[in-house]
Structures are given as C-alpha cells and as structure tokens.
Amino acid sequence: MNIKNHISFHIGSDDKFPLEHRFFNLIAFYGGIICILGTGVNLLIDSKVFVIIATALALLVCWGAFYLSRFRNSFMLGKTIMTVFLAFLLGYIFFVNNGSRGPLLYLYMVYYLLLLIV
C-alpha cells in the first residue's frame, strides 16, 4: 500500500471531502490511537479505575466519530458528539484527578485549540 492510499483511507479523497472534514477525520482517528496509548499507560501505572474507563471511553468516542464522519458522511454529527463528550470528559477527569495534577492543563489547551480550528 503506498502512502497516498494510506492517507486517503484516513482522511478521505480531495474531491469528496472538504478540508475541514478531512482534518477532523485525521484528528479523530489519531486521537483514538493516542487514547489506546493512554489507556495502556494508565493500566501500567495502576491508575484509578475511573481514569482507565475515561480513556477507554474517549477511544470509543474518537473512533466512533471517525466512523460517522469518514464512512457514514455525517461530519456534523461526529463533530458534535466528539466536542460535547470531550468537554464533559475533561471536567470529569479534573474532579477524578483531584484537580490539575499531571497533563490535564495541557489537555485543556489542546482541546480548546482544537475547538478553534475545527
């Protein structure tokens, strides 16, 4: 498989999807991969069960939004689901982690930057 086919699978073809749609597809797919890594790290360091569940749910939501956006062509539905879920997830993790310990402040900055771009 060459690189052009690999990229078109993840973000879609130029003629079918506008730039914002392809950018969202890219963020949703690779956000799911980051959630897999985060869940694995949480399991390795023996985090609280609620934190592990949160990252696993984020994985499902990211890849669900990717599926809706890329294969069902429901871009606005996928974008809305992912945006609302991540807003609630960041608030939930803030209270489960007893405030802003760890990378949570950086996640807030990245999330709001994502909202501005998308």
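The values are calculated or read from the model by the stated rules, or taken from the named source; none is laboratory data. Please read all numbers here as calculations on a predicted model, not as lab measurements. As a convention, Cβ positions derive from the backbone with ideal geometry for all residues, glycine included, and neighbour counts pool all protein chains shown. These accessible areas exclude ligands, DNA and RNA; they are computed on the full protein's heavy atoms, side chains included. Shrake-Rupley method; radii C 1.70, N 1.55, O 1.52, S 1.80 Å.
For segment 42-61, give me each residue that is within 20 Å of residue 81 (Cα to Cα) and surrounded by fewer than 18 Cβ atoms within 10 Å (Cβ to Cβ).
53, 56, 57, 60
Could you count how many residues in segment 73-88 are part of a loop (DSSP other than H, G, I, E, B) and under 21 Å from residue 55 (Cβ atoms)? Give the steps one after another, and end with the answer.
Initially, segment 73-88 is screened for residues part of a loop (DSSP other than H, G, I, E, B), giving 73-74.
Checking which are under 21 Å from residue 55 (Cβ atoms) leaves us with none.
Qualifying residue count for the region: 0.
Looking at the structure I just gave you, is residue 91 outside any helix (DSSP H, G or I), open to solvent by less than 90 Å² (accessible area, probe 1.4 Å) and at pLDDT below 85?
Details: outside any helix (DSSP H, G or I): no; open to solvent by less than 90 Å² (accessible area, probe 1.4 Å): yes; at pLDDT below 85: yes.
Taking the combined requirement at face value, the residue does not satisfy it.
Can you tell me which residue in segment 95-106 is modelled with the lowest pLDDT, limited to those that are open to solvent by less than 70 Å² (accessible area, probe 1.4 Å) and either closer than 16 Å to residue 53 by Cα or assigned to a helix (DSSP H, G or I) (or both)? Before the answer, list the steps.
Step one: filter segment 95-106 for residues open to solvent by less than 70 Å² (accessible area, probe 1.4 Å), giving 96-97, 99-100, 102, 104.
Pick out the ones that are also either closer than 16 Å to residue 53 by Cα or assigned to a helix (DSSP H, G or I) (or both) and you get 96-97, 104.
On the way: 96: 75, 97: 69, 104: 62.
Here the residue is 104.
How many residues does segment 69-84 contain that are surrounded by 13 or more Cβ atoms within 10 Å (Cβ to Cβ), within 13 Å of the chain's Cα centre (by Cα) and farther than 14 Å from residue 30 by Cβ?
Of all residues in segment 69-84, those surrounded by 13 or more Cβ atoms within 10 Å (Cβ to Cβ) come to 69-70, 73-75, 77-83.
Those still in the list that are within 13 Å of the chain's Cα centre (by Cα) too: 69, 78-83.
From the residues that got through so far, the ones that are farther than 14 Å from residue 30 by Cβ too are 78-81, 83.
The qualifying residues number 5.
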